[in-house]
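My questions will all concern the structure given below.
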Amino acid sequence: MSGSLRTAVPAHVWSAEEKRILVGAARLAARRWLGDEWILSLRGDTVDLFEKPRDTHWLRDRGGRARLIACGAALAHLELTVRVLGWSPLVDLSADLLALDRVARIKASVRTRPEAGDFARFGAMSGRVSKPLPPSLAEWSRRVAKECTSGGVHVGSLTPRGVRALPKVGGQIGRRAAPEIEDRAETWSAFVVGGETEARPHLVRAGAVTQRLRLAAAEHGLRSCTLTEPFDAPEVRGALVGLGAAAGLPQLVVIVRKHQGTPAEKGHTS
């Protein structure tokens with residue numbers, strides 16, 4: 001009896017201030033990417049992340065692929081914020097038959113001390129720079145790609161020349177990134193993010209990994225943008241398995257630059 005009572009008691013109850021911080025963190029992910037494609041519910045020690053019902057103007061996203069990736073970006077900010085608030089986040093991506101639109105559940109499981117890296121990434125959400133520019137963007141990209149590969153989601157790093165050489169999508173990505181005249185100056189690079197499958201959990205994790213890449217860039221004052229459009233067509237994704245050293249089906253590209261004002265940042269990304 002006492003054991004069941006302990007199980008029912010939440011480890012923590014979010015205060016009004018903590019709720020404000022969590023919602024604000026999730027909104028920062030949305031503002032920097034696709035827009036509010038998710039809904040939050042905060043109760044007890046839990047944050048539930050739901051995808052919004054399909055919007056009629058999202059005609060090219062009939063399967064909800066880009067929407068789930070956007071939800072994953074919000075999830076990355078929520079996980080990080082829970083850690084900064086002093087809790088170890090327990091993430092559940094399993095399907096809920098009573099709430100089919102639920103993408104993820106994050107619980108505050110046990111008390112933990114945030115690390116310096118957590119605070120640096122938390123600050124990066126709002127554009128705070130905590131590290132100098134990397135001396136070599138290519139070397140930095142390769143290292144970060146290895147660090148962020150996890151949970152069935154793979155990341156490959158590409159130089160500008162490598163991006164433009166990609167079959168089917170290289171020209172489109174290159175045009176959105178920068179004029180070719182900038183390629184030699186190493187002012188930009190790209191990450192290709194791919195998943196082992198296109199099941200909901202892998203798409204959500206792809207979005208979370210993508211946002212971690214962007215936070216890693218923001219820590220150094222690097223600008224970034226996310227493009228899913230090159231891989232909208234299922235036949236394109238199927239034809240480019242293992243693209244850019246990212247094992248699995250490619251889902252998106254993250255472009256990272258050393259300075260502002262890129263065509264990609266000015267346009268709509270999805």
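Every number here is computed from the coordinates shown, using simple stated rules; none is lab data. Just so it is clear, the structure is predicted and the values come from calculations on it, not from any experiment. Please note: Cβ atoms are built from the backbone with ideal geometry, for glycine as well, and neighbour counts cover all protein chains shown.
What is the angle, in °, between the Cα long axis of helix 116-125 and the longest principal axis of the Cα atoms in the chain? Nearest 10 is fine, range 0 to 90.
That helix lies at roughly 70 degrees to the long axis.
Still on this structure, I have one more. I want to check the label-to-label distance for Ala11 and Ala95. Put each point 7 Å from Cα in the C-beta direction and report it in nm to one decimal.
2.7 nm
Compute the FRET efficiency between Lys131 and Arg27 as 1/(1 + (r/R0)^6), taking r as their Cβ-Cβ distance and R0 = 25 Å, and round to the nearest 0.05. Can you show the working numbers first?
Working: r = 24 Å, r/R0 = 0.98.
Computed FRET efficiency for Lys131 and Arg27: 0.55.
Let me know the whole percent of all Cα-Cα pairs from the chain that are separated by more than 28 Å. Walk me through the numbers on the way to the answer.
Working: 12231 of 36315 pairs.
Considering the chain, 34 percent of its Cα-Cα pairs are separated by more than 28 Å.
Okay, next question. What are the ³J(HN,Hα) values, in whole Hz, obtained from phi via the Karplus relation 6.51 cos²θ - 1.76 cosθ + 1.60 with θ = phi - 60°, for each residue of the stretch 161-168 in sequence order, with x given for Gly and Pro?
5, x, 5, 5, 7, 5, x, 6
Further question: In sequence order, what are the phi-derived ³J(HN,Hα) couplings for the stretch 137-154 according to the Karplus relation 6.51 cos²θ - 1.76 cosθ + 1.60 with θ = phi - 60°, rounded to whole Hz, with x for glycine and proline?
Karplus values, whole Hz, x for Gly and Pro: 5, 5, 5, 4, 4, 4, 5, 5, 4, 5, 5, 8, 5, 5, x, x, 10, 10.
Once you've got the Cα coordinates, tell me which of Lys19/Lys146; Lys107/Lys146; Lys52/Lys146; Lys146/Lys258; Lys52/Lys258; Lys107/Lys258 are over 30 Å apart.
Working: Lys19/Lys146 33 Å; Lys107/Lys146 27 Å; Lys52/Lys146 32 Å; Lys146/Lys258 21 Å; Lys52/Lys258 34 Å; Lys107/Lys258 36 Å.
Violating the 30 Å Cα-Cα cut-off are Lys19/Lys146; Lys52/Lys146; Lys52/Lys258; Lys107/Lys258.
List the trypsin sites (Lys or Arg not before Pro) in the stretch 44-151 that DSSP assigns to loop (not H, G, I, E or B) and whose Cβ has at most 11 other Cβ atoms within 10 Å. Which are they? Please report the intermediate quantities before stating the final value.
Details: sites: Arg54, Arg60, Arg62, Arg65, Arg67, Arg83, Arg102, Arg105, Lys107, Arg111, Arg121, Arg128, Arg142, Arg143, Lys146; in loops: Arg54, Arg62, Arg128.
Here the sparse-neighbourhood loop sites are Arg62.
Also, I was wondering about something else. Mind listing the long-range amide H neighbours of Trp87? Cut-off is under 5 Å, sequence gap 5 or more, other chains count too, H placed in the peptide plane at 1.01 Å from N.
Thr112
What full-extension length gain, to one decimal in nm, is calculated for Arg43 and Val236 as 0.36 nm per residue of separation minus the Cα-Cα distance? Before the final figure, lay out the partial values.
Values: separation 193, 0.36 × 193 = 69.48 nm, distance 4.10 nm.
Between Arg43 and Val236, full extension yields an extra 65.4 nm.
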